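The values are calculated or read from the model by the stated rules, or taken from the named source; none is laboratory data. Keep in mind the model is a prediction, meaning the values are calculated, not measured. Reconstructed Cβ throughout: ideal geometry from the backbone, glycine too, with neighbour counts over all protein chains shown. Surface areas here come from the heavy atoms of the whole protein model, side chains and all, with no ligands, DNA or RNA. Shrake-Rupley method; radii C 1.70, N 1.55, O 1.52, S 1.80 Å.
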Amino acid sequence: MFSKGLRPVSVAAVVTALAAFALVFFYAPNDADQGFIQKIFYIHVPMAIVALGGFVAGGLMAIKHLRSGDRSWDMRSYVAIHLSIILGLAVLVTGAIWAKASWGHWWVWDEPVLVSFLVVFLLYCVYYPLRFSIEDPERQARYSSVFAIAAGAFVPINFAAVRMAESFTHPRVLSQTGGNLPGDMRLTFLVCIVAMTLLFITLWKLELTAKHASVQLKRLRTQLEAPRLP
Amino acid sequence: MIRTAAAVLRKDLRIEWRTKEAVPAMALFTVTVYVLFHFGLDRDSLDGELASGVLWVTLLLAAVIGVTRLFAAEREQGGLDAFLLAPVDRTALFVAKAAALFVYLVALEIVAVPAFAVLLLGPDFFDSLPELLIILVLADIGLAAVGALVSALAAETRARELIVPLLLLPLVVPLLIGAASATEPLFRAGGQPEDLGRYLTLLGGYDLIFLLISLAVFDFLLDD
């Protein structure tokens with residue numbers, strides 16, 4: 001039920017990812033003052049955007065779950081948040097590498113985007129202990145959805161608040177990514193975002209299919225073994 | 001709904017008045033943390049951003065204690081089942097719990113803020129007391145809304161003493177930003193408020209959004 005369209009999406013993901021890599025390495029020019037290290041931007045920023053989008057999407061799916069009572073939406077929300085947390089870890093690591101290379105420090109506190117992302121990441125890390133310390137599966141799904149909704153709404157609030165704390169000393173424009181990029185860099189960046197989004201959807205569908213299959217398998221196995229009992 | 005909420009709130013406040021479980025523990029905790037900060041920072045008096053940061057972080061950590069205890073009676077003595085059996089609006093329970101937490105926080109601050117002024121604060125901030133009161137009230141509303149939701153979320157988990165701080169503290173980061181930044185100029189020598197409107201808007205907006213979210217989703221936590 002989740003595997004519908006998995007094949008075309010994964011093919012599209014591979015194609016755009018290859019195109020994105022080709023553009024990053026052969027088309028986009030080296031940054032004038034950061035040089036080659038600036039290329040990490042093409043993987044770091046799309047990952048961050050897709051991870052935040054995944055968190056918010058997880059919240060929307062959770063709303064769908066609570067409204068319809070269909071538990072498969074909770075599974076969708078869980079897998080979206082799960083993948084976003086993995087991406088989030090990669091964002092923090094690549095961000096630290098980039099910061100070290102271009103600013104000379106592994107971590108910079110006066111950059112609101114970095115700080116907000118860390119806070120959001122820390123909050124979502126609590127999703128696992130919360131979800132897996134509730135045994136009853138129906139209640140687990142409901143509580144996880146409530147968390148996903150509250151945390152999903154928290155993402156934009158937190159970004160606004162952290163920006164507000166800084167904006168007096170460090171004025172900056174909202175569209176800092178992509179807003180002031182030259183044309184060839186911007187094209188590369190957009191292709192990278194599309195590739196990352198497709199990769200995320202592919203992984204999401206794959207994980208859902210695998211989870212669904214293992215649940216089916218377990219059910220069939222118990223069905224098969226039931227009559228053999230004396 | 002208001003009547004149900006008021007009844008539950010009365011019950012909670014009466015239990016708290018008789019057992020004296022949460023608020024004295026929170027107050028004791030804040031004073032202990034002030035002592036820890038005194039030795040940890042090796043300073044006799046604080047001012048400016050250090051003072052405002054110490055005060056707000058201490059208050060938020062103390063709030064964790066209150067949030068952990070908020071659903072204790074319901075959980076341990078089966079009050080939740082009784083409430084669910086009653087033909088009343090379930091949102092009333094959230095309103096009552098948030099109101100109870102708000103009262104606890106106000107009671108805590110009546111002790112904790114003067115204690116802070118006596119023990120750690122350098123400059124005299126008596127002139128800017130009205131501004132500080134507004135900041136405290138707005139922060140308490142937000143804390144009460146988020147705290148009641150977090151408390152209900154964590155109530156059914158096995159490791160609730162762990163989940164509450166892990167969940168609550170990241171969620172209140174915007175609150176801390178607003179409150180600490182608004183308080184900081186008040187705690188400087190001869191402190192005058194600065195940028196107060198901006199941070200009060202942040203606090204008010206946070207309160208409003210989280211009250212609405214909590215009201216919208218709270219029912220689903222009780223739906224058994």
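Structural remarks
- Mean separation of Cα pairs under 8 Å and 6 or more residues apart, divided by the residue count, gives chain A a relative contact order of 37 percent.
- Inter-chain shielding of B:166-179 (mean C-beta neighbours from other protein chains, 10 Å cut-off): 6
- In this structure A:H105 has an accessible area near 110 Å², from a 1.4 Å probe over the protein heavy atoms.
- Charges were assigned to the Cβ only: +1 to each Lys and Arg, -1 to each Asp and Glu. The resulting dipole of the protein assembly as shown about its Cα centre is roughly 2000 debye.
- Inter-probe distance in nm under a simple model that places probes 7 Å from Cα toward Cβ, at B:Q77 and B:R10: 1.6 nm
- Between A:V14 and A:L122, residue separation times 0.36 nm minus the direct Cα-Cα distance comes to 35.8 nm.
- Placing R0 at 25 angstrom, the Cβ-Cβ distance between B:A86 and B:T19 gives a FRET efficiency of 0.60 after rounding to 0.05.
- Under 23 Å from A:K218, Cα to Cα: lysines that are on another chain or at least 8 residues apart: A:K4, A:K205
- Residue mean of other protein chain beta carbons inside 10 Å, A:143-150: 6
- Three-way shape label, segment B:1-136, alpha-carbon gyration tensor, a/c 1.5: prolate
- Karplus 3J(HN,Hα) series, Hz, for segment A:51-64 with 6.51 cos²θ - 1.76 cosθ + 1.60 (x for Gly, Pro): 5, 5, x, x, 4, 5, 4, x, x, 5, 5, 5, 4, 4
- Take the accessible area of chain B alone and of chain A alone, subtract that of the pair, and you get about 2700 Å² summed over both chains, using a 1.4 Å probe.
- Other protein chain C-beta atoms within 10 Å of residue C-beta, averaged over B:198-205: 2.
- Burial ranking of peptide ranges A:122-129, B:74-81, B:143-150, A:55-62 (average Cβ count within 10 Å, highest at the top): B:143-150, A:55-62, A:122-129, B:74-81
- Listed values for segment B:8-14 are Karplus-derived 3J(HN,Hα) couplings in whole Hz (6.51 cos²θ - 1.76 cosθ + 1.60, θ = phi - 60°), namely 5, 4, 4, 4, 4, 5, 5, and x replaces Gly and Pro.
- Pairs exceeding a 24 Å alpha-carbon distance, out of A:K64/B:K11; A:K64/A:K211; A:K39/A:K211; A:K64/B:K97: A:K64/B:K11; A:K39/A:K211; A:K64/B:K97.
- Taking amide hydrogens as placed 1.01 Å from N in the peptide plane, the amide H of B:L46 sits under 5 Å from those of B:L121, B:G122, each at least 5 positions away in sequence or on another chain.
- Using C-alpha pairs below 8 Å separated by at least 6 residues, the relative contact order for chain B is 29 percent.
- For the listed peptides B:98-104, B:108-114, a ranking on the average number of other beta carbons within 10 Å per residue, highest first, reads B:98-104, B:108-114.
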